[in-house]
Amino acid sequence: MGFRRVHQSIARDSAAVFAWKGETLQEYWWCTERSLDCGPGGGPDLIVDDGGDATMLIHEGVKAEEEFAKSGKLPDPTSTDNAKFQIVLSIIKEGLQSDPLKYHKMKERLVEVSEETTTGVKRLYQMQANGSLLFPIRGNHRRRR
């Protein structure tokens, strides 16, 4: 049985798949958010990130939840010209309306994050150095700074 058939079998029989060839930017971010949703328990224990998008979504979600708790203000997707960040803010805004502590629960549950890209690893180490990283970094296969 080849890799492709094994992969299809695993996806069909035992694992949720949140990606497909040709997905739009909106679909990509929907998939990223869905991959972090583990139900009412709060989220995954470990993130193996590739580019830092899942890590960024949680960090931005926590910031938005804190602002919402303090002022009642929801994220405004029109506050940026960046199409990617507009989608991120839209996802967070929707989540706040259904669970205002969704990303805090994820943050509390997470044991660590592992990042696959050199750029992402550098970003995580910068966040760790300035005290803004919300959870520990796990050793990476590239371990570059």
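The values are calculated or read from the model by the stated rules, or taken from the named source; none is laboratory data. Only a predicted model underlies this, so the values are computations on that prediction, with no experimental measurement involved. Cβ atoms come from the backbone with ideal geometry, glycine included; neighbour counts cover every protein chain shown. Accessible surface areas use protein heavy atoms only, side chains included; no ligands, DNA or RNA. Shrake-Rupley method; radii C 1.70, N 1.55, O 1.52, S 1.80 Å.
Summary of packing: across the peptides 98-106, 50-58, 127-135, the per-residue average of other C-beta atoms within 10 Å ranks them, highest first, as 50-58, 98-106, 127-135. Ranking V48, V121 by solvent-accessible area of protein heavy atoms (1.4 Å probe, all protein chains present), from largest to smallest, gives V48, V121.
A protection proxy built from the mean count of other Cβ atoms within 10 Å ranks the segments 26-33, 87-94, most packed first, as 87-94, 26-33. Computed from label points 7 Å out along Cα-Cβ, the spacing between L46 and Y125 is 2.2 nm.
Summarising the amide proton neighbourhood of S114: residues at separation of 5 or more, or on other chains, whose placed amide H is nearer than 5 Å comprise I47, V48, D49, R138.
Put a dot 7 Å past the Cα of D81, heading toward its Cβ, do the same for E116, and the two dots end up 3.2 nm apart.
Using a 7 Å offset from Cα along Cα-Cβ at S98, what residues in the stretch 17-44 end up with backbone N under 20 Å from the label point? Within reach of a label on S98: 17-20, 24-44.
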